[in-house]
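The values are calculated or read from the model by the stated rules, or taken from the named source; none is laboratory data. Model, not experiment: these values are computed from the prediction. With ideal geometry, Cβ positions are generated from the backbone for all residues, glycine too; neighbour counts draw on all protein chains shown. We work out accessible area using only protein heavy atoms, side chains counted, and drop any ligands, DNA or RNA first. Shrake-Rupley method; radii C 1.70, N 1.55, O 1.52, S 1.80 Å.
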Amino acid sequence: TLFRSLESRMCSRPIDYVRVNAILLKGVNGSGKTSVAAKIAAQAHLTGRKVTVMAADPTAPRLVELQSRLKVKVISAPGAEAIAKAVVVARRTNTLVIIDPMGFNPRLAKARAAFDALSQIGRVLSIGVVSALNDAAEIGELIEALGAERTIVTGLDLARRSGALA
């Protein structure tokens, strides 16, 4: 059955908000990284964790709402150096920093190398974000090219019969 097939290939592991100091979201433009960042930040905040979101667009409506409702700190992510510094500070202050950078094309070696370097900063959990609205073969290629430790698939509610996920 479909359930057994999916169960054998996919496993669900909750994010350990206590141990992880930084989460890097990786994906193409429009994949839903900002929505995922807001949801992860809200969940971590509700578990009692101090949270900072570093975003390419800190004025995104979801992040503005998150900041106003839960008082989660949202700041700009100007570059790799600032991100590395924020990760060091997060470790020292026991804060979770969620990094929501600009989208990129993981098929381009130079862009992929830059994001892989961010993943190596230290205790940074890299999560690939892909949209189920794409073709199944394309999603498979994107997941492999992102090289993330985990993957979150967005847009399942809009995908026809979840074909891309299957």
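To keep it simple, each residue is scored yes or no on (1) out of contact with any strand residue (DSSP E or B) (no Cβ under 7 Å at 6 or more places or on another chain); (2) of a type in the set (Val, Ile, Thr); (3) more than 20 Å from Gly30 (Cβ to Cβ).
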residue: Lys71; (1), (2), (3): yes, no, yes
residue: Ala80; (1), (2), (3): yes, no, yes
residue: Val124; (1), (2), (3): no, yes, yes
residue: Glu144; (1), (2), (3): yes, no, no
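How about region 82-116: which of its residues are among the polar types (S, T, N, Q) and either free of Cβ contacts under 8 Å to residues at least 12 places away in the same chain or out of contact with any strand residue (DSSP E or B) (no Cβ under 9 Å at 6 or more places or on another chain) (or both)?
Selection gives Asn105 alone.
Do the conditions hold for Leu70, that is, is it aliphatic (A, V, I, L, M) and within 24 Å of Glu144 (Cα to Cα)?
No; evaluated as a whole, the condition is false for this residue.
Which of the residues belonging to region 44-56 are of a type outside the set (Val, Ile, Thr), open to solvent by less than 90 Å² (accessible area, probe 1.4 Å) and out of contact with any strand residue (DSSP E or B) (no Cβ under 8 Å at 6 or more places or on another chain)?
Gly48
Where in region 49-166 are the helices (runs of 4 or more DSSP H), entirely inside, with at least 1 residues that are over 24 Å from Arg13 (Cβ atoms), over 16 Å from the mean Cα position of the chain (by Cα) and at pLDDT 80 or above?
Once the helices (runs of 4 or more DSSP H) in region 49-166 are filtered for at least 1 residues that are over 24 Å from Arg13 (Cβ atoms), over 16 Å from the mean Cα position of the chain (by Cα) and at pLDDT 80 or above, what remains is 61-70, 80-93.
How many residues are surrounded by 18 or more Cβ atoms within 10 Å (Cβ to Cβ) and out of contact with any Pro (no Cβ under 6 Å at 6 or more places or on another chain) if we restrict to region 135-150?
3
Got a number for residues in region 90-106 being over 24 Å from Leu146 (Cβ atoms) and surrounded by 13 or more Cβ atoms within 10 Å (Cβ to Cβ)?
Residues meeting the conditions: 2.
Could you please find all residues in region 66-89 being open to solvent by 90 Å² or more (accessible area, probe 1.4 Å) and either of a type in the set (Gly, Ala, Ser) or farther than 17 Å from Val124 by Cβ (or both)?
Arg69, Lys71, Lys73, Pro78
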